[in-house]
Amino acid sequence: MNVLIVDDQADAREFLRALLTGQHYAVEVAANGKEALQKIQENQPELVISDILMPQMDGFTLCHEIRRNPDLQHLRLIFYTGTYLEPAHEKLAIALGATAFISKPMEPDHLLQVIDNVMDPTKTPVAAQWPTDDFTLLREHRDVVVEKLAAEVKDLEEEVAKRVAAEAALEENRAFLRTSLIGTVVAFSRTVGVRDPFTAGHQQRVSQLAREIAQQMGLMPEQIDGLRMGTMVHDVGKIYLPAEILNKPGKLSVMEYELVKTHCQVGYDIIKDVVFAWPIADIVYQHHERMDGSGYPQGLKGEAICLEARIVCVADVVEAMISHRPYRPALPLDEALAEIQRGSGSVYDRRIVAACLKVFEKGMFQFISPSSA
């Protein structure tokens with residue numbers, strides 16, 4: 001029996017290919033509905049197993065295109081999805097003419113049973129319940145897809161980023177998306193500042209200095225953009241800390257300090273599942289690591305700490321020392337610069353310290369207020 005597997009995820013395609021090839025099926029694969037339609041015309045499979053959420057043409061549209069073609073009425077189609085799991089989604093799939101609707105992951109033996117049942121010669125494929133031009137189909141399809149957009153925004157951004165990089169004509173869209181992302185990150189950053197008035201704007205100010213250091217080091221503009229994004233949320237984990245600890249005027253107890261140190265892990269847990277083009281999660285997780293391994297939370301050393309996190313580390317120390325805190329007044333800039341010089345090559349990256357000193361030696365840098373950053 002000829003089977004066509006349609007899924008934009010390579011690992012999912014290869015899992016099904018290996019499973020069915022082992023059962024002596026002849027297997028073809030496609031990465032989206034558009035490619036699948038072409039292979040259906042070329043190879044005329046008896047069964048299609050398709051994901052739903054895919055670029056270029058999704059599974060629902062693929063099913064609709066199959067059922068509107070009289071030459072393909074014999075074709076069985078199984079939706080195998082880990083995204084569309086609601087009863088309304090299954091209802092739409094069956095209405096479109098799908099033979100079966102199953103959710104990922106499924107045990108291999110169970111999946112093979114479903115395939116055997118679907119291919120039972122005594123059963124006929126389900127006919128689509130809507131005319132091909134019925135507005136209801138378009139409306140239901142739209143509602144189902146829109147429902148999933150928020151949950152799949154990470155995949156959408158990846159796809160948009162690929163298209164922007166490949167097509168100069170979409171440069172305007174790229175600028176719009178970048179502006180929107182920056183605005184979102186800034187707003188998220190400020191939610192931390194609202195809870196802690198003494199460090200309000202801290203993340204923005206560290207971002208300004210980190211960007212200047214990176215430019216002094218000659219980093220590429222795209223890498224500097226990622227550094228800026230990561231710095232603006234590097235303390236996002238503090239949103240889970242009690243306000244009385246953040247604003248405590250006296251010295252923290254050992255237990256309180258250990259709780260504060262958890263903000264790196266908490267921030268990482270918030271950010272880690274969001275797909276960025278930059279190492280945002282690593283910046284959040286590692287900005288308190290030190291070159292000699294004396295930092296936290298992982299005790300990383302040297303090059304094991306990502307470059308962006310090492311830059312944030314230096315900028316964070318300088319900004320924190322020259323800013324007022326509940327437990328002490330602001331310290332002179334010279335004292336902050338002396339601190340990073342003392343730690344150069346041991347706790348701080350030597351190259352980054354040198355770049356930071358050059359930023360201030362020029363006498364051109366000054367922090368911009370958060371409202372205008």
inquiry  = As a quick test, which of the pairs 301/358; 261/301; 238/261 have an alpha carbon distance above 20 angstrom in this structure?
reply    = 301/358
remark   = For the stretch 261-332, the charge dipole (Cβ of Lys, Arg +1; Cβ of Asp, Glu -1; about the Cα centre) points to a positive end, and the Cα of 306, 331, 287 closest to that extreme belongs to 331
ask   = Sorted by average packing, counted as other Cβ atoms within 10 angstrom per residue and highest first, what order do 51-61, 71-81 take?
value = 51-61, 71-81
key: Geometric extent, Cα atoms of the stretch 194-267 - Rg, Dmax (angstrom)   = 14.6, 42
ask   = Gain in length, residue 361 to residue 88, computed as 0.36 nm per residue apart minus the alpha-carbon separation, to one decimal in nm?
value = 91.9 nm
task = Compute the length gained on full extension between residue 34 and residue 106: take 0.36 nm times their separation in residues and subtract their Cα-Cα distance, giving the result in nm to one decimal.
result = 23.3 nm
query = What is the calculated FRET efficiency for residue 320 to residue 10, with r their C-beta to C-beta distance and R₀ = 45 Å, to the nearest 0.05?
reply = 0.50
note = Note: residue 259 to residue 330 extended length (0.36 nm per residue) minus current alpha-carbon separation gives 23.2 nm
remark   = Treating only Lys and Arg (+1) and Asp and Glu (-1) as charged, each at its beta carbon, one finds that the stretch 196-349 has a dipole about its Cα centre, in Debye to the nearest 20, of 300 debye
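Each value in this text was obtained by applying a stated rule to the coordinates, not by laboratory testing. Keep in mind that what you see is a predicted model, and the values were worked out from it rather than measured. Every residue, glycine as well, gets a Cβ built from its backbone with ideal geometry; the counts of neighbours run over all protein chains shown.
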